[in-house]
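Visitor: Attaching a single structure in structure tokens format; questions to follow.
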Amino acid sequence: MDQPKALPTNYVTQPDKIATSKGKTVRTEEMIINMGPQHPSTHGVLRLEIIVDGEIIVDAIPHIGYLHRCFEKHAEHMTNYQQVIPYADRMDYVASMNNDWAFALAIERMMKIEVPERVEYIRVIMAELQRIASHLVALGTYGIDAGAFTPFLYCFRDREEILDLFEMTCGARLLYNYIWVGGVSHDLPQGFIEQAKEFCTYFKPKIKEFNDLLTYNEIFIKRTAHVGVLPRDVAINYACSGPMLRGSGVHWDLRRDDPYSVYHKFEWEVQTGKGEVGTVGDCWDRHIVRVREMEQSVKIIEQALASIPEGNVQSAIPKRIRPEPGDIYVRTETPRGELGFYVISDGSGSPYRVKARGPAFVNLSVLPEISRGAMIADLTLIVGSVDIVLGEVDR
Amino acid sequence: MDPVRTYFRNIWLALSSIAIGMRITMKHLFVPSVTVQYPDVKLKLPERARNRLYVNIDDCIGCDQCSMACPVDCITIETIKSTPDQDLGVTSTGHKKRLHVPKFDIDIAKCCYCGLCVYPCPTECIVMTDVYEFSEFDRNNLIYNFSVMTPAEVETARVKAKKAEEEAAAKKAAAAAAPKPAPPASPPPVPPTEPT
Amino acid sequence: MELLQHIGLEQNLLTIVLVSALPLVFILLYALVTLYLEMKVSAHIQDRLAYMRTGWHGVLQPFADILKLLQKEDTVPAAADRFLFKLAPFVVFAGTYAGFAAIPFSSAYIGSNINLGVFFIIAASSLVVIGILMGGWASNNKWSIFGAIRSAAQMVSYEIPTALAILIAVMITGSLNLQEVTQYQSGGIQNWVVFGGSLPLTQKLLILPFTLLTFFILFIASIAEVNRTPFDLPEAESELVQGFNTEYSGMRFAMFYLAEYANMFLVSAVAVSLFLGGWSSPFGEALSGPLWDLFWFVAKGMFLVFVQIWIRWTLPRLRVDQLMYTSWKVLTPFLFLCVFAVGLILVL
């Protein structure tokens, strides 16, 4: 179908599509539907304004801002950098450890702090466990979008095991405030390594069960294959990252291509979508990339647990965090994509400006492009495959 | 021939994957459930659990570190200097208390449970307990007042501190007018603490 | 009416009303049981416990649900078409309930022993489509209209496989009257139509794969008729909030819900009567008698309802064009093949 022209912001439905039937002209009109802020499947408070022609979508315009909490403004008014970390937690509340790490990494690079190796290993273990937990949420809710209510509960049951590990270490289940500038807040408790190893052995058959139940189910494949195809060049042009980008076949993972911490010491593979059951870059590809990333995370965790060195996790935490005046942009690979923090420091104890580049925000911008020509039933699945968390989209 | 083969292959794939899925759910029908029936059964929280704050006011030396560390400003502390003749005692960690603390309020509704107030406390008097059932009907009941000074004690301390301040100011004025100024006594510095 | 003669009452208005109200009593009891069954089965499939606090293990929860729905505010949207809006749930329920008239619950009870039994059931249950369309349109809500239109398309297209499968059973048993069809299948499990009916052995072995396939397809089509996953696009929770049900609350919503459960049993009952031997005991003469017949009938019906619940909580949802594809391009051709084959084998 023809690409619609760029739409003005005060779009009015165009009643100039004429269909003919037996010599009589029938005037059809496109309908504007609002998939409002409260909706069971927009994963938060996202408003989608959909312009449909029958059941085919002509355009889908996301309206965001319902969860804006002024994170960047708050960060400027904190008395020290340490206080920004709880706020950074709350941006992407499903993948909190990764947010902490990105910000802490930015300040460490500005102050040129070398953290002990044990700290790096702990951070990797926590980030990968968090990646598994975040993907479990994404995959479970994706099942619900498709109509399968059961995999959601299986995913959450497995996620409980991970949250138990986190609670044992730092005391909180969702918003950790664990990874600090220069180290971590607590060392691993007694029994953590054994329990984490147990989790890895427990979790591997669960991935297989999830695949049998949902991923390779023919109905699910029929719903997600060839739907929401994101071509390679479009993905790169829109600055997509994370599973969105890798699902389109682009081999790009910041843990390998812009390395930070000790990821280079472990053996793992970057997963991309290959169009196994549909086109490269469709929703199924993004789904399978997330599932396989979970498997790779388990691999990384096992290797890290086996070779974690001893050390003092708090020896490098500075007494006063007072970076030199200057700016820095640091990016890490979170479950949603490339999370970047651009920090400007003016030499005082609190930041002058913190800008968060949220991956979900950037990934969401590609939604109108990939949902043109799809049906309304597909739109739910397309939004689900982008894997947005509104806290990160709106900050 | 190819469309025909795809047609039958699709049907076969659909039926086999559905059968596999149904076998999984049937198996789960006989697995015991993982629900913990709260509130009859309560899970034991780990040692480091971060829930409601508690302040042991006897150990508080009024250094204000926790209040400054809080990112959401939920701790309000007021202190009154004590005069040298008052002996407030020693905390359980050996610090000498030199400040009265007439007001130590924590608005637990604002608290974000980050734990940043716990680390800087030199006497470890503010801790995060494992209490998570503390809902109230009235929001004002969520402002916890930890200070135990009665209004009479507060008034006495305030009066004494004011008098001491006036005496020190008078002394300073007299010393400034005198030919040889005596060096002013500097108050003992409160040791800065780092997060541990 | 055999029931009346059985207990010696004459046929007057009061007895007619009593007899025709019996299925309603059954439906209400069955709805309570099925609400509980669905809740518990879905919970244990998902490794969790359902309600445990209302009564022992939640037995009183269906009553609590009904009480809650009864006391809810009856809202009618301001811009809705009031008459159609209020009428829709009753049309849906009437269509379903009318079908119960021709279902043989037992050898001694059938609401109305008409010679066109199955034909009447198919016709009467088509009223449900009208009710759903009315409900969706009258709600004056774009999402409801989507649900209603999808539902109309779905139910109309799945009537075809249903009718063809029923045709095959009718060909084997030779009658449209469900009581006669059930009596044809009495005498033990080997006489059930799904295993070939009471035919000579060679014919039976030839016809067996086709009757199994027909029963299987009838079951799939009947799930589509009642709008349950994987065919529940009209009320797809994650897309349309509740589809055509969105604007309904309180007792009207309860009516839709009751109609859905009644419809589930209706299509199961039709499948059971035609293919699984109806009220006849699988052991032939043992364990039969009017009350035993009722037990066997309800047991078989509940088993099919259980399978419907099991399928609902396992599978994802089909999209509307895939749904139509399944009906027109997969189920119907296979059924035509079965009709042809069964006809040929019967003639041999």
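The values are calculated or read from the model by the stated rules, or taken from the named source; none is laboratory data. Given the structure is predicted, the values throughout are model-derived calculations rather than measurements. Virtual Cβ from ideal backbone geometry, glycine too; neighbours counted across all protein chains shown. Heads up: the accessible areas ignore ligands, DNA and RNA and are worked out on the full protein's heavy atoms, side chains in. Shrake-Rupley method; radii C 1.70, N 1.55, O 1.52, S 1.80 Å.
Visitor: Within region B:62-74, can one find any residue that is over 30 Å from A:Glu72 (Cα atoms) and not hydroxyl-bearing (Ser, Thr, Tyr)?
Guide: For region B:62-74, residues over 30 Å from A:Glu72 (Cα atoms) and not hydroxyl-bearing (Ser, Thr, Tyr): present.
Visitor: Take the residues in region C:15-48 that are within 12 Å of chain A (Cβ to nearest Cβ) and of a type in the set (A, V, I, L, M); name whichever of them is surrounded by the most Cβ atoms within 10 Å (Cβ to Cβ).
Guide: Applying the filter and picking the extreme gives C:Ile45.
Visitor: Oh, and also: Which members of region C:243-275 meet the condition of being small (Gly, Ala, Ser) and within 8 Å of the chain's Cα centre (by Cα)?
Guide: C:Ala262, C:Ser268, C:Ala269
Visitor: Separate question: May I ask you to say which residue of C:Phe146, C:Phe119, C:Phe93 is over 22 Å from the mean Cα position of the chain (by Cα) and part of a helix (DSSP H, G or I)?
Guide: C:Phe146
Visitor: Continuing with the same structure: Determine which member of the set C:Gln61, C:Gln71 is modelled with pLDDT of 85 or more and open to solvent by less than 30 Å² (accessible area, probe 1.4 Å).
Guide: C:Gln61
Visitor: With respect to C:Phe100, is the statement that it is within 28 Å of C:Gln179 (Cβ to Cβ) and either surrounded by fewer than 18 Cβ atoms within 10 Å (Cβ to Cβ) or modelled with pLDDT under 85 (or both) true?
Guide: No; evaluated as a whole, the condition is false for this residue.
Visitor: Residue by residue through region B:104-160, note down the ones that are within 23 Å of A:Asp89 (Cα to Cα) and without any contact (Cβ under 8 Å) to a residue 40 or more places away in the chain.
Guide: B:Asp107, B:Ala109, B:Lys110
Visitor: Say whether the condition of being open to solvent by 10 Å² or more (accessible area, probe 1.4 Å), more than 13 Å from chain C (Cβ to nearest Cβ) and part of a helix (DSSP H, G or I) is met by at least one residue in region A:218-232.
Guide: Checking region A:218-232: at least one residue is open to solvent by 10 Å² or more (accessible area, probe 1.4 Å), more than 13 Å from chain C (Cβ to nearest Cβ) and part of a helix (DSSP H, G or I).
Visitor: Tell me which residues, restricted to region A:76-120, are within 12 Å of chain B (Cβ to nearest Cβ) and over 22 Å from the mean Cα position of the chain (by Cα).
Guide: Result: A:His77, A:Met78, A:Thr79, A:Asn80, A:Tyr81, A:Gln82, A:Gln83.
Visitor: So, one more: Assess whether C:Leu18 counts as being assigned to a helix (DSSP H, G or I), at pLDDT below 85 and either under 25 Å from the mean Cα position of the chain (by Cα) or not basic (Lys, Arg) (or both).
Guide: Yes: the conditions hold for C:Leu18.
Visitor: Do we have C:Leu335 as among the hydrophobic types (A, V, I, L, M, F, W, C), open to solvent by 40 Å² or more (accessible area, probe 1.4 Å) and either part of a helix (DSSP H, G or I) or on the phi > 0 side of the Ramachandran plot (or both) here?
Guide: No; evaluated as a whole, the condition is false for this residue.
Visitor: What are the residues in region A:198-217 that are among the hydroxyl-bearing types (Ser, Thr, Tyr) and either facing chain B (nearest Cβ under 10 Å) or farther than 30 Å from B:Ile18 by Cβ (or both), if any?
Guide: If the condition is that a residue be among the hydroxyl-bearing types (Ser, Thr, Tyr) and either facing chain B (nearest Cβ under 10 Å) or farther than 30 Å from B:Ile18 by Cβ (or both), then A:Thr215, A:Tyr216 are the ones that fit.
Visitor: Scan (1) in contact with a Phe, Trp or Tyr (Cβ under 8 Å, 6 or more places away or on another chain); (2) away from chain A (no Cβ under 14 Å) for the single condition B:Ile75 breaks and write down its number.
Guide: With (1) in contact with a Phe, Trp or Tyr (Cβ under 8 Å, 6 or more places away or on another chain); (2) away from chain A (no Cβ under 14 Å) applied to B:Ile75, the lone miss is (2).
Visitor: Quick check, is A:Gln195 assigned to a loop (DSSP other than H, G, I, E, B) and either open to solvent by less than 10 Å² (accessible area, probe 1.4 Å) or within 14 Å of another protein chain (Cβ to nearest Cβ) (or both)?
Guide: It is false that A:Gln195 is assigned to a loop (DSSP other than H, G, I, E, B) and either open to solvent by less than 10 Å² (accessible area, probe 1.4 Å) or within 14 Å of another protein chain (Cβ to nearest Cβ) (or both).
Visitor: Does B:Asp58 count as within 30 Å of B:Gly89 (Cβ to Cβ), more than 10 Å from every other protein chain (Cβ to nearest Cβ) and free of Cβ contacts under 8 Å to residues at least 40 places away in the same chain?
Guide: No.
Visitor: Anything in region C:185-227 that is within 26 Å of C:Asn113 (Cα to Cα), modelled with pLDDT of 85 or more and open to solvent by 10 Å² or more (accessible area, probe 1.4 Å)? List them, or say none.
Guide: C:Phe215, C:Phe219, C:Glu225
Visitor: Considering only residues that are in contact with a strand residue (DSSP E or B) (Cβ under 9 Å, 6 or more places away or on another chain) and assigned to a loop (DSSP other than H, G, I, E, B), look in region A:155-178 and name the one that is surrounded by the fewest Cβ atoms within 10 Å (Cβ to Cβ).
Guide: For region A:155-178, the residue satisfying everything is A:Gly171.
Visitor: Moving on. Output the number of the condition that B:Cys66 fails; it satisfies all remaining conditions of (1) within 20 Å of the chain's Cα centre (by Cα); (2) not in a helix (DSSP H, G or I).
Guide: Here B:Cys66 meets the rest and fails (2).
Yes/no per residue for (1) open to solvent by 10 Å² or more (accessible area, probe 1.4 Å); (2) not in a loop (DSSP other than H, G, I, E, B):
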| site | (1), (2) |
| --- | --- |
| A:Gln314 | yes, no |
| A:Ile317 | yes, no |
| A:Arg322 | yes, no |
| A:Glu338 | yes, yes |
| A:Pro351 | no, no |
| A:Val362 | yes, yes |
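Visitor: Follow-up question, since we're still on this one. Quick one: in region C:259-317, of everything that is of a type in the set (Lys, Arg) and within 14 Å of chain A (Cβ to nearest Cβ), which residue is surrounded by the fewest Cβ atoms within 10 Å (Cβ to Cβ)?
Guide: Among residues in region C:259-317 that are of a type in the set (Lys, Arg) and within 14 Å of chain A (Cβ to nearest Cβ), the one surrounded by the fewest Cβ atoms within 10 Å (Cβ to Cβ) is C:Arg312.
Visitor: Filtering region A:124-159 down to residues that are more than 18 Å from the chain's Cα centre (by Cα) and not aliphatic (A, V, I, L, M), which residue is nearest to the other protein chains (Cβ to nearest Cβ)?
Guide: Filtering region A:124-159 for residues that are more than 18 Å from the chain's Cα centre (by Cα) and not aliphatic (A, V, I, L, M), the one nearest to the other protein chains (Cβ to nearest Cβ) comes out as A:Gly147.
Visitor: Shifting gears a bit: Quick check on my filter: what residues within region B:78-94 are open to solvent by 60 Å² or more (accessible area, probe 1.4 Å), touching a residue at least 24 places away in the same chain (Cβ under 8 Å) and closer than 15 Å to B:Val55 by Cβ?
Guide: Within region B:78-94, B:Glu78, B:Ser92, B:Thr93 qualify.
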